[in-house]
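Asker: The structure is given below, and queries will be raised subsequently.
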Amino acid sequence: MDDLRARPAAPDLCDRVLGYRPFRFDERAQAGPPREAGAVARNRHLIVPDGVVKVTLGTGAPVSVRDACAPGRSLTGLSLAAGVRTTSVIGERTGPAEGVSVLLTPLGAYRLFGVPMSEWSDWPVAPEDLNREPWTGLPDRLAEVPDVDGRCALLDRVLRDALASGPAASPEVAWAWQRIKGTAGRIRIEVLAARTGWSRRHLERRFRCEIGVSPKAVAQVMRLQEALRLKGSGADWAGAAMHAGYHDQPHFDRVFKSMTGCTPTAFIAHRTAASVRDVLDFVPGVVTSAILSVPPTGAAPAPLSSRSAACGQGAWQPQRGHAIGVRSLP
């Protein structure tokens, strides 16, 4: 049986392709026998904002997706591309399916798809609707390869060719993205703009084009992820919220619910209640999801309640004389 655990991309791609997550959904796996790593039972996955672009390439039954914070918004598709989001989605398989999820940095996705990221960051789309090459027919090509390693090798070849011809990211945006990640979102946007030599408004326009959302939105996602990381390392919620840059725990609780549709306590309870056989996270070491199929004991089910400017390029280094500022941010 195939080992369906996450695979890294080839070394020459890993700065833009974070890796691959093979999956197999088999309704028969709900019953008692152990199933291979990565095969999932019929569960709803709450996928939280994580700053990762995901391109799911599947065959078989489609996946149903709805907005966790706006339940009336939904779609169904076999293969979907999802950009950087600031709110969670709920995904549920409608029947047997298999495939691979490609995990990308936003700048890698910008180069691969060749269209402004702001055009599709708000809601998942079919990848071939953004760019026919190399996505058209790729799920079927993957299905013809008999083993997971072979499928990942095929993706390496296809993505390497596609990345060779896409638009290059602005060095200023790439630098600012890394600074936001490196500070876990605890950096003032004015400082970033000053270091690039751009106005804040211009930095925001370029971020929306190449990342999909504003620098402030990215910082919110990174602070959320930092709080989840700290919680997973043993901190209580109050300590995690404080060290992640929130004013206090009530502030964190409000932000968390507005971004995920559930409370921090309910989210962790759902993760704790999941079977150890189920794959929770797309990206190793990053909290990306919780399984909502069975409400944990003592916890209620989670309440799930324009084109960008053109992007230029050029060699660039941050301007000197501006210190990196850190503070608690809303």
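Every read-out reported here was derived from the displayed coordinates using simple, explicitly stated rules and does not represent laboratory data. Please read these numbers as outputs of a predicted model, since none were measured by experiment. We place every Cβ from the backbone using ideal geometry, glycine too, and count neighbours over all the protein chains shown.
Asker: Order of 10-22, 51-63 by packing, highest average Cβ count within 10 Å first? The partial results should precede the final answer.
Answerer: On the way: 10-22: 17.8, 51-63: 21.7.
The packing order, highest mean first, is 51-63, 10-22.
Asker: Can you compute the FRET efficiency between T272 and Q178 using 1/(1 + (r/R0)^6), with r the Cβ-Cβ distance and R0 = 45 Å? Round to the nearest 0.05. Please list the in-between numbers first.
Answerer: Values: r = 33 Å, r/R0 = 0.73.
Efficiency, from the Cβ-Cβ distance: 0.85.
Asker: How long is the gain from R141 to D253 if the chain were fully straight, where each residue apart is worth 0.36 nm and the alpha carbon distance is subtracted?
Answerer: Values: separation 112, 0.36 × 112 = 40.32 nm, distance 4.43 nm.
Roughly 35.9 nm would be gained on extension.
Asker: I'd like to compare 100-107, 242-249: which one has the highest average count of other Cβ atoms within 10 Å, and what's the full order after that?
Answerer: On the way: 100-107: 23.8, 242-249: 18.4.
Packing proxy ranking, top to bottom: 100-107, 242-249.
Asker: With each pseudo-label sitting 7 Å past Cα toward Cβ, what's the A168-H243 distance in nm, one decimal?
Answerer: 4.0
Asker: I've got another one for you. If neighbour count is taken as other Cβ atoms inside 10 Å, put S214, S79, S289 in order from fewest to most.
Answerer: Values: S214 18, S79 21, S289 27.
Result, fewest neighbours first: S214, S79, S289.
Asker: Give the cross-link partners of K257 among the lysines, using a straight C-alpha distance below 19 Å as the criterion and excluding same-chain residues fewer than 8 apart.
Answerer: K216, K231
Asker: How far apart, in nm, are two points set 7 Å out from the Cα along the Cα-to-Cβ line at A126 and at A235?
Answerer: Spacing of the two 7 Å Cα→Cβ label points: 4.4 nm.
Asker: Taking the Cα centre as origin and putting +1 on Lys and Arg beta-carbons and -1 on Asp and Glu beta-carbons, what dipole magnitude results for segment 171-260, to the nearest 20 debye? Write down the numbers at each step before the final one.
Answerer: Values: 16 positive and 8 negative charges, 56 e Å.
My answer is approximately 260 debye.
Asker: What full-extension length gain, to one decimal in nm, is calculated for H202 and R5 as 0.36 nm per residue of separation minus the Cα-Cα distance?
Answerer: Values: separation 197, 0.36 × 197 = 70.92 nm, distance 4.08 nm.
Contour length minus the Cα-Cα distance gives 66.8 nm.
Asker: In nm, what is the difference between 0.36 nm times the number of residues separating T87 and L75 and their Cα-Cα distance? Provide the component values of the computation, followed by the final result.
Answerer: On the way: separation 12, 0.36 × 12 = 4.32 nm, distance 1.58 nm.
Stretched fully, the T87-L75 segment lengthens by 2.7 nm.
Asker: Would you tally the net charge around R160, using a Cβ to Cβ cut-off of less than 14 Å, leaving R160 out, and scoring K and R as +1, D and E as -1?
Answerer: Values: positive: R16, R111, R157; negative: D12, D15, E133, D156, D161.
Within the 14 Å Cβ shell, the charges total -2.
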